[in-house]
1. Just one of A:MET211, A:MET223 is assigned to a helix (DSSP H, G or I), within 16 Å of ligand 2 (Cβ to nearest atom) and either over 20 Å from A:ALA109 (Cα atoms) or not aliphatic (A, V, I, L, M) (or both); which is it?
2. Among the residues in region A:207-216, are any more than 14 Å from every other protein chain (Cβ to nearest Cβ), acidic (Asp, Glu) and within 16 Å of the chain's Cα centre (by Cα)?
3. Being closer than 21 Å to B:GLN423 by Cα and surrounded by fewer than 19 Cβ atoms within 10 Å (Cβ to Cβ) is the filter; apply it to region A:39-59 and report the residue that is farthest from ligand 2 (Cβ to nearest atom).
4. So, in region A:191-208, how many residues would count as being away from ligand 2 (no atom under 15 Å from the Cβ) and either without any contact (Cβ under 8 Å) to a residue 24 or more places away in the chain or of a type in the set (Phe, Trp, Tyr) (or both)?
5. From the set of residues in region B:424-462 that are outside any helix (DSSP H, G or I) and more than 7 Å from chain A (Cβ to nearest Cβ), which is surrounded by the fewest Cβ atoms within 10 Å (Cβ to Cβ)?
6. Can you name the residue in region A:163-179 that is in a helix (DSSP H, G or I) and either within 16 Å of ligand 2 (Cβ to nearest atom) or over 13 Å from A:ARG113 (Cα atoms) (or both) and, of all such residues, is farthest from the chain's Cα centre (by Cα)?
7. Any residue that is of a type in the set (Lys, Arg) and within 16 Å of ligand 2 (Cβ to nearest atom) - is there at least one of those in region A:20-27?
Amino acid sequence: MSDNGQPLFEVQNLKVAIDGNEILRGVDLTINEGEVHAIMGRNGSGKSTMANVVMGHPAYEVLEGSVKYKGEDVLDLDTDERARLGMFLAFQYPMAIPGVTVSKFLHSALKARAEGGDVPVREFRVNLNKAMDLLGVDPSFASRYVNDGFSGGEKKRLEILQMFVLEPTLCILDETDSGLDIDALKTVAEGINALRSEQRAILLITHYQRMLNYVEPDVVHVMMDGKIVRTGGIELAEALEEKGYEWIEQELFHDTDAATAAEAAQA
Amino acid sequence: MAPETEVNRPELNISDDYKYGFHDPEKPVFKAEKGINHEVVEQISEIKNEPDWMRVFRHDALDVFFSKPMPNWGDVDLLNAIDFDNIYYYLKPVEEQGKTWDDVPEDIKNTFDRLGIPEAERKFLAGVSAQYDSEVVYHSLQEELVKQGVIFLSMDDGLIEYEDIVKEYWATAIPPTDNKFAALNSAVWSGGSFVYIPKGVVVDIPLQAYFRINAENMGQFERTLIIADEGCRVHYIEGCTAPTYAADSLHSAVVELFALPGSHLRYTTIQNWSKNVYNLVTKRAVAHENATVEWVDGNLGSKLTMKFPCVYLVGEKAHAEILSIAFASDGQHQDAGAKIYHVAPNTTSRITSKSISKDGGRASYRGMVKVYPGAVGSKVHVECDALLMGENSRSDTYPTMEIAEEQVQVEHEARVSKVGDEQLFYLMSRGLTEEEALVMVVNGFIEPFVKELPMEYAVEFNRLIQLEMEGSVG
Ligand SMILES: Nc1ncnc2c1ncn2[C@@H]1O[C@H](COP(=O)(O)OP(=O)(O)O)[C@@H](O)[C@H]1O
Ligand SMILES: [Mg+2]
């Protein structure tokens with residue numbers, strides 16, 4: 001619970017469309033401070049859509065529902081306002097900003113959050129170097145242009161680096177594990193673990209269980225067709241790994257059958 | 001960029017003694033009038049006490065100006081709106097110079113404020129004070145240069161003190177017949193710089209025209225001549241990022257560069273004329289064997305700028321770089337580009353042209369690359385990068401390539417892009433406002449240009465772009 005007794009992050013009955021197609025069809029999700037959740041789901045099930053909508057991407061249309069952060073509905077806030085409240089998304093496909101160095105980018109982002117808009121350069125440098133060191137990132141990283149000509153793994157590391165420097169309270173990581181070799185995955189996972197804290201909530205979006213071996217979630221959700229269809233513990237991820245998504249589809253199919261049968265019986 | 005010492009001087013009066021060089025106590029008080037004719041040209045030459053060949057040159061050039069039609073290409077509508085009869089072609093009469101700070105438009109004053117331009121400098125930039133003097137800084141710099149044999153004078157003084165050198169090179173790269181505006185400049189030129197760098201001399205710090213700037217130097221028809229002797233190395237920089245307020249609407253400069261064998265000559269310009277100004281400039285360089293010429297050119301202000309820095313690669317292995325950036329917002333047309341002539345074998349060139357058109361602004365890239373027969377082994381690389389923002393902004397490229405030699409390598413890339421929603425979303429998700437995000441993308445876009453500028457210019461340039469971008473998010 002956050003100060004006002006509300007969950008840190010709460011999504012209720014979220015329905016979202018893009019270009020007239022309904023993609024999220026009523027998502028419910030609650031994450032408390034200190035918790036790590038994972039959302040698993042096949043490609044196209046709506047995971048990134050949810051992450052983008054939570055962060056306020058302008059292309060999506062919210063049809064229904066709410067997204068609350070510290071008890072406040074954020075759907076009317078601009079993306080940057082949400083960011084300054086402490087929400088963060090590590091992108092599945094981070095954008096290149098040619099001509100802007102990582103260091104300049106991060107310094108500006110910090111200044112945007114700082115009260116009075118001032119972050120002394122020296123202090124910033126020290127923090128950045130510390131974070132790069134922790135993540136095993138080469139110091140030359142700081143003077144490269146943001147994601148410009150970066151390998152897949154470098155992009156993901158930069159996302160985590162940003163998370164380290166910006167210290168958000170709600171961290172949503174969209175497929176941060178994909179495209180990483182095992183060593184890179186381990187460093188990134190160490191980074192995420194280092195950020196686990198009593199005050200912070202982390203949401204890992206992934207379609208492999210692999211990452212969850214290194215960052216153990218408290219709660220695992222399965223998303224399918226724009227809905228969260230199962231919620232459980234780490235055993236849910238393990239079962240998925242073993243039996244695949246078809247297993248849940250089967251179960252859902254039976255559930256629907258049962259529901260239809262019940263309806264038929266009532267009629 | 002602000003000099004450490006400022007010396008207040010009375011406003012330049014045409015009957016005052018000139019600061020450098022010659023004195024002429026009997027000098028007639030100039031009766032300026034609007035419009036252009038042989039009498040005006042004669043008066044200018046007389047006041048400057050010029051050698052006779054220059055007087056004749058001016059008169060001949062004026063005839064060329066009269067005989068040449070207006071260009072029938074480019075922004076013809078805007079060009080035809082120039083009223084040649086309603087312009088002063090030399091310093092204005094003293095009473096008209098007595099413009100006061102109150103006459104300076106509010107938006108220009110605000111920009112000075114935001115840029116933190118010092119008081120004395122503002123007055124000069126706004127055209128209120130005719131002279132912005134930084135004698136002490138300039139003179140200590142000058143001493144150092146004199147020791148190395150470097151000549152760095154106003155063009156007027158250069159002509160008097162080094163007539164032989166001037167005469168040898170004068171108008172050999174840009175004859176008055178080149179174009180109508182070069183002819184006009186040749187007839188009425190005043191101010192500008194004369195620079196000579198002796199053989200093998202390396203000038204470490206950029207020569208800044210700013211340090212010896214005066215009313216004429218910022219003038220309408222300045223004329224610059226730079227000779228880089230064999231094996232020397234020099235960077236000349238002119239202009240400034242602060243908006244330069246000018247009541248006169250026509251500015252037409254001529255710049256000639258000569259890079260002798262093995263020399264390295266860079267010429268940087270940043271111009272930010274107020275938005276009523278026509279800025280029609282002819283710039284040309286001749287690069288000899290193994291020489292490198294670099295034009296670095298930034299154009300922000302003006303109503304219409306037409307500027308196509310040019311390099312003639314006449315010696316084997318000569319190299320040219322032309323790097324330019326143009327920023328056009330509503331009501332502006334930046335018609336910029338580059339011209340390269342590969343005359344000798346194994347010559348190389350690279351053109352990088354970047355433009356930003358915003359809120360209905362218009363930017364054009366007009367380029368000419370010509371490879372002459374016999375220029376074997378030459379390499380050409382042209383890159384045009386346009387960024388469009390807001391409604392009705394426009395960007396055009398008009399590249400011309402005439403390649404009369406087979407064994408050459410020519411590359412041309414052109415890109416037009418818009419600032420993407422995804423880029424903005426990414427930056428905003430880190431806490432930047434939409435406007436900050438936009439400025440960041442734009443600053444990144446111009447970074448290849450800005451990183452070539454000396455530090456203090458780079459900082460100001462970025463700040464200025466930021467100001468230009470303000471209010472661009474609705
Ligand atoms: N910008 C978009 N335009 C059109 N369709 C989209 C867009 N983004 C996502 N979709 C569609 O929404 C569905 C869910 O996509 P997404 O949220 O990316 O899934 P996931 O992240 O789980 O792989 C897919 O069918 C995808 O094609
Ligand atoms: Mg996805």
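1. Every option except A:MET211 fails the conditions.
2. Scanning region A:207-216 turns up at least one residue that is more than 14 Å from every other protein chain (Cβ to nearest Cβ), acidic (Asp, Glu) and within 16 Å of the chain's Cα centre (by Cα).
3. A:PRO58
4. 1
5. The selected residue is B:LYS451.
6. Here the residue is A:PHE164.
7. So far as region A:20-27 goes, no, none of its residues is of a type in the set (Lys, Arg) and within 16 Å of ligand 2 (Cβ to nearest atom).
Listed here are the residues, each with its yes/no results for (1) closer than 25 Å to A:GLN12 by Cα; (2) touching a His at 6+ places or on another chain (Cβ under 9 Å).
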{"position": "A:ILE202", "(1), (2)": "yes, yes"}
{"position": "A:ASN213", "(1), (2)": "no, no"}
{"position": "A:ASP225", "(1), (2)": "yes, no"}
{"position": "A:ILE234", "(1), (2)": "yes, no"}
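The values are calculated or read from the model by the stated rules, or taken from the named source; none is laboratory data. Predicted, not measured: the structure shown is a model, and the values here were computed from it. Because the Cβ atoms are built from the backbone with ideal geometry, glycine has one as well, and the counts that use them run over all protein chains shown.
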